[in-house]
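One structure is given here, and the rest of the page talks about it.
The values are calculated or read from the model by the stated rules, or taken from the named source; none is laboratory data. Predicted model only: the values in this text are computed from it and were never measured. Cβ placement follows ideal geometry from the backbone for every residue including glycine, while neighbour counts extend to all protein chains displayed.
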Amino acid sequence: MARKPRTVLASETRTLTCALTPVECGERGRAASVALMEAERLKAERSEVGRTISALLRDARAAAEVAERGTEPRPITCQWIPDYVTGTKTLVRTDTSESLETVPLEGGERQLPLVDVPVGEDVPAPAPTAPARRKPGRPRRVHVGEATITSITVAAPAPANMPIHHEYPSA
């Protein structure tokens with residue numbers, strides 16, 4: 001029995017589900033992987049561009065504020081200058097010589113320097129002094145009441161923390 005031809009009124013294309021072959025499944029999987037990797041790369045790039053834009057805007061705002069004020073903070077070297085007459089020290093800018101702050105001298109700062117050396121320069125070491133010459137023999141003894149004091153010639157002053165030795169008369 002032969003089939004009768006059908007009459008077609010019109011044709012239209014629709015998107016319908018179709019079963020894929022294993023090769024087609026592999027191709028679609030690889031395409032999805034490539035698309036996801038590209039999307040992640042662009043997302044990271046967009047994030048970096050956003051951070052760059054934020055940093056540029058922050059810098060532009062800060063520069064505009066500085067320009068409007070006409071001043072900006074900068075690191076400036078300052079020096080404490082003592083005034084031994086008033087017992088104070090003054091913080092002075094080295095670029096403009098402007099006094100910033102005056103406070104009382106602290107305990108150790110009240111001592112006048114022995115050598116007037118400009119700030120920032122090294123103090124030269126003092127020249128060694130030769131000890132006083134004495135005749136060889138026994139040390140000189142001085143009798144004060146019951147005690148006997150022996151004098152010793154020292155080439156340099158003893159440090160403040162050096163113990164002092166006493167010689168007492170034997171009984």
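Some notes on this structure:
- Filter result for E109 (modelled with pLDDT of 80 or more and either exposed (fewer than 10 other Cβ atoms within 10 Å of the Cβ) or out of contact with any Pro (no Cβ under 7 Å at 6 or more places or on another chain) (or both)): no
- Filtered by the rule that a residue be assigned to a loop (DSSP other than H, G, I, E, B) and either modelled with pLDDT of 95 or more or surrounded by 10 or more Cβ atoms within 10 Å (Cβ to Cβ) (or both), the range 1-33 gives a lone residue, L20.
- Check on L56, aliphatic (A, V, I, L, M), under 30 Å from the mean Cα position of the chain (by Cα) and at pLDDT below 95: yes
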